[in-house]
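Take a look at the structure below.
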Amino acid sequence: KRPGLRRSYPRSCPHILYGSRCAANKIAATTTGVVSAISNSRLTLNPGWMRDGAEPRFYVGGLVEWDGVLGTEYRTIIKSGLTMLTLSGPIRGLAVGAEVRVSLGCNRTLTVCNSIHQNGPNFGGFPWIPKTNPVGKNNHD
């Protein structure tokens, strides 16, 4: 019941993408697309929805959001192609021809944080942790 450490010491960033500690600019990382087909958890968008210079892999871990009947619906992008996105859950309240907002993802590395989101100062990981013990393998002697 005593307070302890709240963060671990990982190589990758532990922050929630676009959360208060990450502070990446979601508006700058979001584009819009028009739905051309829906199938289970797959969404097909008309060509031209991707941000200039972005590759499909940059959207994995990102978000798709739309205004549904019960409010704004959010899904995480699990797989991304040039026009097809595989989402984390069922697609409901969305019709062909509707507009969706698509935000870039993050693979939680410093390289992507800097190059895609220009957010290196807020990177929460420790990529410089040595991979081998600097004291030695048998430091218990």
For this session: Residue by residue through region 111-122, note down the ones that are open to solvent by 40 Å² or more (accessible area, probe 1.4 Å) and either of a type outside the set (S, T, N, Q) or closer than 18 Å to PRO10 by Cβ (or both).
Result: THR111, ASN114, PRO121, ASN122
For this session: Out of the residues in region 89-105 that are in a strand (DSSP E or B) and out of contact with any helix residue (DSSP H, G or I) (no Cβ under 9 Å at 6 or more places or on another chain), state the one that is least open to solvent (accessible area, probe 1.4 Å).
Result: VAL100
For this session: Say whether the condition of being part of a loop (DSSP other than H, G, I, E, B) and without any contact (Cβ under 8 Å) to a residue 12 or more places away in the chain is met by at least one residue in region 55-65.
Result: yes
Seminar exercise, completed: In region 54-88, anything of a type in the set (Gly, Ala, Ser) and either within 16 Å of LYS26 (Cβ to Cβ) or surrounded by 15 or more Cβ atoms within 10 Å (Cβ to Cβ) (or both) is listed as ALA54, GLY61, GLY62, SER80
Exercise. Taking region 15-43 only, how many residues are of a type outside the set (A, V, I, L, M, F, W, C) and closer than 29 Å to ASN114 by Cα?
Worked result: 11
Exercise. For VAL60, which of the numbered conditions (1) modelled with pLDDT under 95; (2) within 25 Å of ASN119 (Cα to Cα) fails to hold?
Worked result: (1)
Problem set entry | Odd one out for ALA28 among (1) of a type outside the set (S, T, N, Q); (2) in a loop (DSSP other than H, G, I, E, B); (3) touching a Leu at 6+ places or on another chain (Cβ under 8 Å) | (3)
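The values are calculated or read from the model by the stated rules, or taken from the named source; none is laboratory data. On a predicted model such as this, the values are computed, not experimentally measured, just so you know. Every residue, glycine as well, gets a Cβ built from its backbone with ideal geometry; the counts of neighbours run over all protein chains shown. Only protein heavy atoms, including side chains, enter the accessible area calculation; ligands, DNA and RNA are left aside. Shrake-Rupley method; radii C 1.70, N 1.55, O 1.52, S 1.80 Å.
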